[in-house]
Structures are given as structure tokens and as C-alpha cells.
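Only the coordinates and a few stated rules stand behind these numbers; no lab work does. As the structure is a prediction and not an experimental result, all values here were calculated from the model. Cβ placement follows ideal geometry from the backbone for every residue including glycine, while neighbour counts extend to all protein chains displayed.
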Amino acid sequence: METAEIPVPKTYPEALAAWQLQRALNAAIREEFEAKFQDLQRQLDWFRCQLFGQKSERRVPPPPVGQLSLGEDFTADPAPSAPVRSVAAHTRVAPKRPEERAESLPFFDESKIPTETILLPAPEAEGLDPSAYEIIDTKITYRLAQRPGSYVLLKYERPVIKLRETETLHAAPAPVGVLEGSRADVSLLAGVLLDKFLYHMPLYRQHQRMMAQGLRVSRSWLTELVQRSILLLSPIYQAQFESIRQSRVLTMDETPIKAGRSGKGKMHQGYFWPVLGERQEICFPYAETRGTLHIRKFLGPLEPGTVLLSDGYAAYTRFHKESEGLVHAQCWSHSRREFVQAEAHEPERVAEALEQIRAFYRIEEEIREQGLTAEAKREYRYRHTRPRVAQFFDWVDQQLLDRGLLPSNPFTKALLYVRSRKGPLQVFLEDPDVPIDTNGVERQIRPIAVGRRNWMFCWTELGAEHLGIIQSLISTCRLQGVDPYDYLVDVLQRVGTHPAKDVAQLTPRLWKEHFAENLLRSDLYRIRGRH
């Protein structure tokens, strides 16, 4: 704040006026610095929360007034004595203990985990002739064991024969692998991909595990396996992205990723732009920046009436303005988050706002429980949610009339955030296919966020693109209820011979319909008798 120079007073009235002016300037400077201090304090609190605090926004309602606390002692009213009668003495077989019953119950899928059987003969039968006793039943007890690693070496023996009649030599051809000239079985390719991109185990850790099991392979070999496998899956990813673009309702978000070097010791900040379609398919295209041009590039020209659901990022608003016929819906979860961040400054008002928003989600839960869809879902929202949404925005307008709320107050910013998005926040009331928030796509972003804590970054932009391809297929498998391991083992063998014009059949959604009942397996399964 710039301060004006005050002339030297010559009379008492001038001195009094100068003093009052200086006092006003000091008060203005103090108010400005207090506002800056509060803003910096809020930023510091936010960073502390990100590093050390709880990030969950779940609200725990207070317990009922009459509910006792854990460990609190109480004395129950004595129950009236019941009439008794004598019965004849008898004995009963003691029931099995709960732990004994649990040991005999299967808790696994026999088609996916190998089982080794260990026979424990009865001690009383030791030394007896088998004709001296008979087996009338078998008791089963299960124990879950673990081997240090699960790598298996497949040794193919191909006898070379010589036909005496023709004096010619013959042998079975070597098995054809997914990657030409590679020693990796398809089961290893699928396992390496899932260990890294589903279970967040970097390749250097997988390499350490292999070395501990006596496998002398290089880490660069694992990198090559990942790259070549993902290149085989690239056409499937493109077909899935094209299927998503045809959806009438699209959900989009963005998440950062370190990819490529921007200087010595520095990584470039790139972004994934996950796009979720209405048929539960998702793709993670990569872009170097967070600009509107990437939304235009990834979505392309959209049909009039298409709905784009997003958060409040300004790039989506700009894309909406330049796209004719596009309907822009926004997320109530992000709106709620604005109020959560203001809770420390206006706890009572924030609690009231959160309670009103919570009512919207209760109605959505009722819709899911009743299985309502299409027009029935829209009608239910119209009768139950619409009046509450109107009441919420009336409450927002009333709060903004309070002159005691400063523009810098986080609660004021939260109020302005939702009021400026009043139209997009109400799109879901008119269209039953539009979700109330973007949580569907944010849940699929979580593996990338967890992965960043493990594999940290992508060394090149191409590596980030490859990450987006495999993460798209794995996440879609989970959305479609498909086992990612079975899917990858099958399509890695099938994609090389499948007609290119029908590559869409290999996306998880259509693969489940065409090939899930007749899987292509690894030779490892045939050896173990697991078909």
C-alpha cells in the first residue's frame, strides 16, 4: 500500500488533521497486513494438512445423547427371575470351536491359487495293515502359506527323432512367444505389468526380487518387456478411447505427473486427462500442459447435447463456451470441498452448508438402493432433490448479504464459488444419466496418485503415454468386473492375430462378452492342470 507524504503542520488544527490522517493510514496499513498474514497463515495450514494432516473429508456425526462411551461402566436393571423346572440329566457332544470350523472352510478360489495336499495319517493306524481299518471320512484343514516369490521356469524338452525309413531328423517346433525372440512367458509379462501399475511395485524392486530367487536378468530387460507389451496393447487403447468419445455423458479430470527432464536435476510437470464414458470405460491420455487445447484435442468435435461433467477448473468453462451444443455440468463434491476448507473460520455456517449438501447425497443413495434409472430417477430427483437445491442457493444468497464477511474470508470464497456455478451444478436434476459429482473418475485416478509415491516419475514423455495406456486398460477391467491378469494373458496372445478391423472386441467391455468364456492361458496353467 502506497502512503502519501503528509506536510509538516504549522498550526494546531493542521497538526490535529495530520495526526488523524496518519492514524487512518496506520489503521489501513495494519488491516492490509493482517489480511495478508491471515492469507499466508491459511496457506501454511493447508500445506501442513497436505503433509501431516488427515485428508479425508468424511464427516462423523455426533453420537446420540443417550449413547454410552466406550469403556463406560453401567449397571443394568436386574431381570426378573424366570420360573425353573428340573429335567433329566443327559450329555451332549461339545460343538466345534469357532476356530476349528474356520480352519475347515475354504476361503479361496481353487482356480487361481495352487493347492498342495499334505496327508496326515491317524497315529493309531501306524504299523497296522490297511485291512485292519477303514477310512470312513476325511477332515480338511487349510493353512495359507507363502513361497518367497512365485517365478517358475518352463523347460521345454523337444526330443529329436530320426526316422529309420527316411533317415530324416524331426523335432517339435519351439513354442511361439508373445514377444518374438524373448525368454518371457506371457504370464511373466502380465505379472510384471500388474505388479508395477496395479500394485505399485517399481521395476527395480521386481528386479531385486528376481535376483533373490537366483534369476540373473538385467533391469533394462524388464523395461524392454514393459515397453514392448504396452505397444502391443496400444491399438486396444485407441479403440477404447474412440468408444468413450461416442458417449453422451463424459466425465473429465486432470492429475499431475512428472515426465521428462526439464533441466539438470529437474523433471517436467505433465498431466493426465482421464476421461470416463457412460459405459464404464476410462482412458488416461497424457499432455504436457493443462491448457484448454488438450481438452479440444482429446475429445474432438462432440455431438450437440453431449454433457461434460468436470470440476470448477476454468479450462472446462472455456471449452464449453467454444463448443456449440455442449452442456457443462459441474461437481458437487468439489463445491463441498470449498466449504470444508473454510470450516476453521466459520464452523457453524460451514456445518449448516455441509448438512444441506449431505441431504443431496442421501437422496442419491436412496436412488441406488431402489435401483431407479432413466425417467424414474429423474422424477425422484425432481421431487426430492430439486427443492433442497433451491433452498441451498437461497441460503447462499442470504449469507452473502452479511456485511461482516470479508472478501478474503474462505467462507465467502466458498459461497461465491457455488453461486457462480449455480447452473452447471443443477444439470444433474434434469438429466438422470449425469452423476452428482466426479467421484467416479477420481476413484480411478487413485492408482496413479499411489504410484507416484512408489515409481515417482516417468523418465520420458513416451513413458508417460505408455503408463496412460496400461492404466486405462487395468482401470477399465476393474470397472467391468474383469480380472486384469486373465485379461492381459489372453489379449497379449490374441492381439497379434486378431483382425485389425475388430480390435474393439479386445477392449475389456467387449472382451468380456466375446472371449471371457474361452480364455487363452499360459503353458504354466496347462502344466498345473488349471484350465
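Output ³J(HN,Hα) for the stretch 279-289: one whole-Hz value per residue in order, computed from phi by the Karplus curve 6.51 cos²θ - 1.76 cosθ + 1.60 with θ = phi - 60°, and x for Gly and Pro.
Result, ordered by residue: 9, 6, 10, 9, 10, 10, x, 9, 9, 7, 10 Hz.
Would you be so kind as to identify which of TYR286, THR306, PRO274 lies farthest towards the positive end of the dipole of the stretch 272-315, taking Lys and Arg as +1 and Asp and Glu as -1 on Cβ and the Cα centre as origin?
Toward the positive end, the furthest listed residue is TYR286.
Please work out the ratio of the alpha-carbon Rg of the stretch 109-162 to 2.2 N^0.38 Å and round it to two decimals. Display every interim value, and only then the final one.
Working: Rg = 19.6 Å, N = 54, 2.2 N^0.38 = 10.0 Å.
So the stretch 109-162 has a normalised radius of gyration of 1.96.
Return an integer: the convex hull volume of the alpha-carbon atoms of the stretch 184-290, in Å³ per residue. Mind showing how you got there, number by number?
Numbers: hull volume 14.1 nm³, N = 107.
For the stretch 184-290, the hull spanned by Cα atoms encloses 132 Å³ per residue.
Using only helices, what value at 222 nm comes out for the chain when you add -39,500 (n - 2.57) per DSSP H run of length 4 or more and divide by the total residues, to the nearest 500 deg cm²/dmol? Can you show the working numbers first?
Numbers: 19 runs with 246 residues, N = 531.
After summing the helix terms and dividing by the residues of the chain, the value is -14500 deg cm²/dmol.
Using a simple spin-label model with points 7 Å from Cα along the Cα→Cβ vector, what separation in nm is obtained for ARG296 and ASP433?
Distance between the two pseudo-spin positions: 2.6 nm.
According to a simple spin-label model (label point 7 Å from Cα along Cα-to-Cβ), what is the distance in nm between ILE135 and ARG419?
Computed distance between label sites ARG419 and ILE135 equals 8.0 nm.
At a Förster radius of 35 Å, what calculated FRET efficiency corresponds to the Cβ-Cβ distance of LYS512 and ALA171, to the nearest 0.05?
Computed FRET efficiency for LYS512 and ALA171 comes out at 0.35.
Quote the charge dipole size of the stretch 112-250 about the Cα centre in Debye, to the nearest 20; the model charges only the Cβ of Lys and Arg (+1) and of Asp and Glu (-1). Each step should come with its number before you reach the end.
Working: 17 positive and 14 negative charges, 212 e Å.
Value, rounded to 20: 1020 debye.
Sticking with the crude label model, points 7 Å out along Cα→Cβ, report the distance from ARG48 to LEU232 in nm, one decimal please.
Output for this residue pair reads 5.3 nm.
Normalised by the number of residues in the stretch 411-522, what is the relative contact order in percent for Cα pairs under 8 Å and 6+ residues apart? Don't skip to the end; give the middle numbers.
Numbers: 39 pairs, mean separation 20.6, N = 112.
The value is 18 percent.
For HIS498 and GLU322, calculate 0.36 nm times their separation in residues minus their Cα-Cα distance, and state this gained length in nm to one decimal. Kindly include the intermediate steps, with their values, before the conclusion.
On the way: separation 176, 0.36 × 176 = 63.36 nm, distance 3.98 nm.
The span from HIS498 to GLU322 would gain 59.4 nm if fully extended.
What is the Cα radius of gyration of the chain over 2.2 N^0.38 Å, N being its residue count?
1.40
Determine the dipole magnitude for the chain: charges of +1 sit on the beta-carbon of Lys and Arg, -1 on that of Asp and Glu, nothing else is charged, the reference point is the Cα centre, and the result goes in debye to the nearest 20. Spell out each step's value before the answer.
On the way: 71 positive and 69 negative charges, 255 e Å.
Charge dipole, the chain, about its Cα centre: 1220 debye, nearest 20.
Evaluate E = 1/(1 + (r/R0)^6) for ASP39 and ARG383, where r is the Cβ-Cβ distance and R0 equals 30 Å; express this FRET efficiency to the nearest 0.05. Display every interim value, and only then the final one.
Details: r = 43 Å, r/R0 = 1.43.
That pair, ASP39 with ARG383, gives E of 0.10.
I need the calculated FRET efficiency for the pair LEU519 and GLU278, taking r as the beta carbon distance and R₀ as 35 Å, to the nearest 0.05.
0.80
Please compute P(r) over all alpha-carbon pairs of the stretch 276-340, binned at 5 Å starting from zero, and give each bin as a whole-number percent.
4, 15, 24, 26, 20, 9, 3, 0
Write down the Kirkwood hydrodynamic radius of the stretch 122-190, to one decimal in angstroms, obtained as one divided by the mean of 1/r over all alpha carbon pairs.
Final number for the Kirkwood radius of the stretch 122-190 is 18.8 Å.
Take the eigenvalues of the Cα gyration tensor for the stretch 359-442, scale each by 5, and report the square roots as semi-axes in whole Å, largest first.
After scaling each eigenvalue by five and taking roots: 29, 13, 10 Å.
Loop-only trypsin sites (Lys or Arg not before Pro) in the stretch 422-474, please: DSSP not H, G, I, E or B, and at most 15 other Cβ atoms within 10 Å.
Answer by residue number: ARG453.
Can you tell me the Rg and the Dmax, both Å, for the Cα atoms in the stretch 466-512?
10.3, 27
Please state the relative contact order of the stretch 153-304 as a whole percent: Cα pairs under 8 Å, 6+ residues apart?
Relative contact order for the stretch 153-304 comes out at 12 percent.
Of all DSSP beta bridges located in the chain, what percent are antiparallel, nearest 5?
Rounded to the nearest five, the antiparallel share is 65 percent.
Along the three principal axes, how long is the stretch 308-431 when you take its alpha carbons, biggest first, rounded to the nearest angstrom?
Ordered largest first, the stretch 308-431 gives principal extents of 44, 36, 21 Å.
ARG419: net charge of surrounding residues, Cβ under 15 Å, Lys/Arg +1, Asp/Glu -1, itself excluded?
After counting each charged neighbour, the total is +1.
Select from PHE392, GLN213, ALA342 the residue farthest towards the positive end of the dipole of the chain; place +1 on Cβ of Lys and Arg, -1 on Cβ of Asp and Glu, and compute about the Cα centre.
GLN213
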